[in-house]
Amino acid sequence: MDRVIAWDKTKIEGVAVLPASKSISNRALVLCALAGCPVPENLSDSDDTRVLREALSTSDRLVNVGHAGTAMRFLTAYFALKGGVRELTGSERMKQRPVQVLVDALRELGASIAYMGDEGFPPLWITSAPLQGGRSLSLDASVSSQYVSALMMIAPLLPGGLTLDLEERIVSAAYIRMTVGMMRLFGVDVRLEGKKIIIPEKGYIPVNLRVESDWTAASYFYEMVSIVGLGEIFISDLKKDSLQGDALQYRLWEQLGVQTEWQESGVLLRVVGENTDFFEADFTEMPDLALTFIVTCCLKDIPFHICGLETLYVKECDRVAASIRELHKLGYDLDVSVHGELSWNRERNTLISLEIDTYQDHRMAMAFAPVGLKLPGLVIRNAGVVTKSFPTFWEQLDKLLI
Ligand SMILES: O=C(O)C1=C[C@@H](OP(=O)(O)O)[C@@H](O)[C@H](O)C1
Ligand SMILES: C=C(OP(=O)(O)O)C(=O)O
């Protein structure tokens, strides 16, 4: 299904309701399975959370997680520890997203995991086995933080616990801190010492948790306010003091004309009118927000240099290549000459097409949708991809555009 975005007003106003955080939901599912407690009531209704929930409750041998990266990585560690014999697979794209660092680490602990296709990638054949703890394990942290989180969550159940010694550049560290925070909530005192993560042997305690709204999903509403440059949007159930690293995005939006007012029950995003004349940022800690900011800067005609994009090549699509290609169609030519960086010096071209391809990637659809507020008639192809993290995205957008 394609989606045409048409809007002919100058001021945006309204209320947006977000899904619960998918990252917190997916950690809660694993931790509740390990603690033996019921899952929180307000889990995310995203595909990624649904597939993980189903996988944790089935005894079927074949488990297919579709496009869900966290589900693939968290289940690799979980099934290595418990669950018998499993064939863990995913979408065609998932079969191109690497898991070697995680599989090597688990094998060092005694796990039985075999590659059923290409070496280093899903699908995996996993036979659970007693894993050895009480040791220190070196781990390359430069590809995905999800490997670190996956190992951390099973670590307290290993005899003697586990120390992870992170090597190379640490990417997406905010998500590792989220895992630390969640494990502490479930009663495990994780300690951080420089690049070492020390996890004691300890049973998780059952917890009654309420999952916060998804700060990554909030970024598309900041983008709308920023692009339109007039109006305000209220979002409920978001707070500054959050387990989600993406909460810190509010600081970056101040440079793009949007101020965040913290209220009792949520946040009010408001236009303040001030915009930077050059946007510079490092997205190593907030990789999922990069697309939103790239598109916003182009539409606002603000030149930029952004770095920390190294993980974007192996997400749901190659987000660097995809954003370059789709922005080129809209007449924006970006400089991609340095790996992990993107810049734009306001170089423009003629508009080639208003039809945006989404490459099976929810964030491509959601980051480009607000473009329709400036370029009416924009078409988002295969718009249904948003269900990966935000099933009601189009409803929320329609409500604002009436
Ligand atoms: O742990 C998590 O919940 C996530 C970690 C990040 O992945 P990487 O660590 O692979 O960058 C992020 O992009 C993903 O959407 C969710
Ligand atoms: C990268 C993402 O998810 P995952 O890696 O869990 O598939 C995302 O939601 O943007």
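Values quoted throughout were computed directly from the atomic coordinates according to the rules given, and no laboratory measurement underlies them. Small disclaimer: the values here were computed from a predicted structure and weren't measured. Note that we place each Cβ from the backbone using ideal geometry, even for glycine, and neighbour counts take in every protein chain shown.
A few comments on the model shown:
- Remark: the Lys9-Val338 segment gains 114.6 nm on full extension, using 0.36 nm per residue and subtracting the alpha carbon distance.
- Working note: 222 nm ellipticity from helices only, DSSP H runs with n ≥ 4, each -39,500 (n - 2.57), summed and divided by the residues of the chain, gives -9500 deg cm²/dmol to the nearest 500.
- Surrounding net charge for Pro156, when Lys and Arg each add one and Asp and Glu each subtract one, Cβ distance under 10 Å: -1
- Label-point gap, in nm, between Gln263 and Lys195 - each point 7 angstrom along Cα→Cβ: 4.5 nm
- Here the Kirkwood formula puts the hydrodynamic radius of the range 109-177 at 13.2 Å, using every distinct Cα pair.
- Surrounding net charge for Leu166, when Lys and Arg each add one and Asp and Glu each subtract one, Cβ distance under 10 Å: -1
- GluC sites (Glu not before Pro) restricted to the range 254-299 and DSSP loop, no more than 11 other C-beta within 10 Å: Glu264
- The slack in the chain from Leu230 to Glu280, taken as 0.36 nm per residue of separation less the alpha-carbon distance, amounts to 15.7 nm.
- Neighbour-count order for Asp118, Asp333, fewest beta carbons within 10 angstrom listed first: Asp118, Asp333
- Column: log10 I(q)/I(0), Debye, Cα scatterers of the range 22-199, q = 0.09, 0.18 Å⁻¹: -0.26, -1.21
- Using the Cβ of Thr89 as centre and a radius below 13 Å, the other residues enclosed give a net charge of +1, where K and R count +1 and D and E count -1.
- Under 5 Å from the amide H of Ser112 lie the amide H atoms of Thr127, Ala129, each residue being 5 or more positions distant or on a separate chain, with H modelled from the backbone and absent for Pro and chain starts.
- Rounded to the nearest Hz, the phi-derived 3J(HN,Hα) couplings of the range 316-323 under the Karplus curve 6.51 cos²θ - 1.76 cosθ + 1.60 (θ = phi - 60°) are 4, 9, 7, 6, 6, 4, 5, 5, where x marks glycine and proline.
- Low-density loop cleavage sites - GluC sites (Glu not before Pro) in the range 1-82, where at most 10 other Cβ are within 10 Å (DSSP): Glu41
- Sorted by Cβ neighbour density within 10 Å, fewest at the top, the residues Lys95, Lys22: Lys95, Lys22
- Each Cα pair under 8 Å and six or more residues apart adds its separation to the average, and for the range 22-199 the resulting relative contact order is 18 percent.
- Gain in span if fully extended, Arg325 to Glu108, counting 0.36 nm per residue against the direct Cα distance: 74.0 nm
- Of Lys196/Lys239; Lys240/Lys388; Lys239/Lys399, pairs whose Cα-Cα distance is over 27 Å: Lys196/Lys239
- Cα centre as origin, Lys/Arg/Asp/Glu Cβ charges: the range 22-199 dipole, Debye: 280 debye
- Span per principal axis, largest first, for the Cα atoms of the chain (Å): 61, 45, 40
- Cleavage-rule hits, GluC sites (Glu not before Pro), the range 93-186, DSSP coil, Cβ neighbours within 10 Å at most 10: Glu119
- Given charges at Cβ of Lys, Arg, Asp, Glu: the chain dipole, positive-most of Gly245, Gln96, Asn26: Asn26
- If both residues of a DSSP beta bridge must be in the chain, then about 65% of such bridges are antiparallel.
- Residue exposure proxy: Phe234, Phe221, ordered by other Cβ atoms within 10 angstrom of their Cβ from fewest to most, comes out as Phe234, Phe221.
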